Amino acid sequence: MKTDPLAQLRAGAPLTTRQQLSLTLQLSWPAIMAQLATIIMQYIDAAMVGRLGAAQAAAVGLVASTTWLFGGLSYAAAMGFNVLTAQRVGGGRLAEARNILKQALVLCLGFSVVMAILAAALSTPLPGILQADRDIWQDASAYFLVYSLFLPALQLNNVAAGQLQATGNMRTPGICMVVMCVLDVVFNTLFIFPTGTVRLGSLALPGAGLGTAGAALGTGLAELVIALYLLYFVLRRNPVLRLQKGEPLRFNRAQLCTILCIAAPVASERVILTTAQIVSTAIVAPLGTVAIAANSFAVTAESLCYMPAYGIQSAAAMLVGQSVGAGRRQMARRLGWVTVLLGVVIMVITGGLLYLLAPQMMAILTPNPDIIALGTRVLRIEAFAEPLFGASIVAGGVFQGVGSTLIPTLFNLGTMWGIRIPLAWLAAPRWGLPGVWAAMCLELCVRGILYLIRMAGKRWLPVPEAQGAAHTVSAAEGGPLSTPPEGEMAGDGMPAVKNR
């Protein structure tokens, strides 16, 4: 019978370096496919809108940073629950894991409704706040309004997919993200273009002709379909988290405090990063429509390069989280380094491809030669930052797995507002968009070095206490995390794994 390395990890069995790498790859590839499908979906949106004209492309690019802000808050709200679920599964405390899922669904859905209301209210004044030309205000507002209305679907998607990944099921979310990409193409085709614009042979396809709003509607509907399926799968079919009789929802104050301690720095980080990106957009906006469109398309093109690192980040957070839950401190450290080094290697490859294929990647997104030329220049600058950027992404997942989220947030705050924004503001008037991207390149390199320095230390690891007492991480590191004491019975009646 074939041995399951993940089961060995939970049971406290030793894993060779080869087994650790194999397990990381086994869990990473579905997550990588999911991340690539997500960014390909954005690529499709950008390419389809780009066919409408530079003004429409600039309108979508203008609000992109703000959509990342709300999307980042949605991710942060789910992430604290996902980390705790991974740790409970690793420690064999499955009833607790199921209760965490229920709390996540109720609280995160309520949070997303509040976000949707705030975002919708922001949609009209947003283009003016970002200092864009008036000719793109209407398209930008329409796109962002429709995006806002689907935030609850995005939130359910994050919770359901994250909870499945926390149990070690990377494949189902990965397949669903690929299906979502296909649905996005279908829905976009129907909603963006007028009837007869798109043809399959002699057949003219119907279309609503909604333009930029149609792109947001197509993406939102694709997210909604997949969110509903993932919700069904996690509640009814997943062997670990599916609903069980006699287990009513119980709000656990201690768990919610822990989740808040984990999620609050991540949410702050997303606000910091995306606010800085919004400021960067405001810095780019006076450079003109071509610069705005080139900046937006280049960001989308670069995403294809670094999304594999986010896939490995998901695997890293799950592996390290389950190692902590099983009381395996040194295994958490080893798996952390395996995942980070794998991320760096992959980003070296994708960074090289980004440099070589930059013109072709831009040409897919827009036929405008000026936008292609400018986008190619900035992508080739950014290619040199990709390996260290990948290190910071995957190391971030490692720190999330143990709940150590505050220090990485401070790193991001310091580099973004201390390096990127000031240098971009100084460089834009003199060197234009390439100057802005050179500032970004330098900042990402510094950030990656800081993350590697922290990885090399041991303060991010849970501190073992005598006689198998619960592991803890100080409040300064993101709040308390625990594994069950020796001999404690897990909530599902299984003996908890002893701390090592």
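The values are calculated or read from the model by the stated rules, or taken from the named source; none is laboratory data. For clarity, every value in this text was computed on a predicted model and none was experimentally measured. Here the Cβ positions follow ideal geometry from the backbone for every residue, glycine too, while neighbour counts run over all protein chains shown. Keep in mind that these areas ignore ligands, DNA and RNA; they rest on the heavy atoms of the full protein, side chains included. Shrake-Rupley method; radii C 1.70, N 1.55, O 1.52, S 1.80 Å.
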What number of residues within segment 443-462 satisfy the criterion of being without any contact (Cβ under 8 Å) to a residue 24 or more places away in the chain and either part of a helix (DSSP H, G or I) or open to solvent by less than 10 Å² (accessible area, probe 1.4 Å) (or both)?
2
Does M33 satisfy being under 26 Å from E269 (Cα atoms), part of a helix (DSSP H, G or I) and open to solvent by 20 Å² or more (accessible area, probe 1.4 Å)?
yes
I'm checking my understanding of the structure. Among residues of segment 220-242 that are in a loop (DSSP other than H, G, I, E, B) and touching a helix residue (DSSP H, G or I) at 6+ places or on another chain (Cβ under 7 Å), which one is surrounded by the fewest Cβ atoms within 10 Å (Cβ to Cβ)?
R242
Test result for L374, out of contact with any helix residue (DSSP H, G or I) (no Cβ under 6 Å at 6 or more places or on another chain) and either modelled with pLDDT of 90 or more or surrounded by fewer than 24 Cβ atoms within 10 Å (Cβ to Cβ) (or both)
no
Residue pairs qualifying under the 6 Å Cβ cut-off, at least six apart or on distinct chains, with the first in segment 288-301 being among the hydroxyl-bearing types (S, T, Y) and the second being assigned to a helix (DSSP H, G or I), are T289/A54; T289/A58; S296/G61; S296/A64; T300/Q42; T300/Y43; T300/A46
Could you identify the single residue in A358, A385, A391, A395 that is free of Cβ contacts under 8 Å to residues at least 60 places away in the same chain, small (G, A, S), crowded, with 22+ Cβ neighbours inside 10 Å and within 21 Å of Y306 (Cα to Cα)?
A358
Kindly check whether there is at least one residue in segment 71-88 that is among the polar types (S, T, N, Q) and surrounded by fewer than 23 Cβ atoms within 10 Å (Cβ to Cβ).
no
Within segment 413-434, how many residues are more than 23 Å from the chain's Cα centre (by Cα) and charged (D, E, K, R)?
1
Answer yes or no: is there a residue in segment 284-302 that is touching a helix residue (DSSP H, G or I) at 6+ places or on another chain (Cβ under 6 Å), over 25 Å from P429 (Cβ atoms), open to solvent by 20 Å² or more (accessible area, probe 1.4 Å) and in a helix (DSSP H, G or I).
no
Can you find even one residue in segment 180-201 that is among the polar types (S, T, N, Q), under 29 Å from V114 (Cβ atoms) and surrounded by fewer than 24 Cβ atoms within 10 Å (Cβ to Cβ)?
no
Considering only segment 243-266, state which residues are in contact with a Leu (Cβ under 6 Å, 6 or more places away or on another chain) and open to solvent by 20 Å² or more (accessible area, probe 1.4 Å).
L243
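Taking P434 as the residue in question, decide whether it is over 17 Å from G396 (Cα atoms) and at pLDDT 90 or above. Outline the logic, then answer.
Working: over 17 Å from G396 (Cα atoms): yes; at pLDDT 90 or above: yes.
When the stated conditions are applied, P434 passes them.
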Six or more apart or on different chains, Cβ under 6 Å: which pairs go from a residue in segment 309-335 that's closer than 15 Å to P173 by Cα to one that's surrounded by 24 or more Cβ atoms within 10 Å (Cβ to Cβ) and of a type in the set (S, T, Y)? Could you list them?
G311/S28; I312/S28; I312/T339; A315/S28
Regarding segment 265-279, can at least one residue be identified that is small (G, A, S) and closer than 24 Å to W137 by Cα?
yes
Quick check: anything in segment 141-150 among the hydroxyl-bearing types (S, T, Y), at pLDDT below 90 and open to solvent by 40 Å² or more (accessible area, probe 1.4 Å)?
no
Would you be able to say whether some residue in segment 331-349 is modelled with pLDDT under 80 and of a type in the set (A, V, I, L, M, F, W, C)?
no
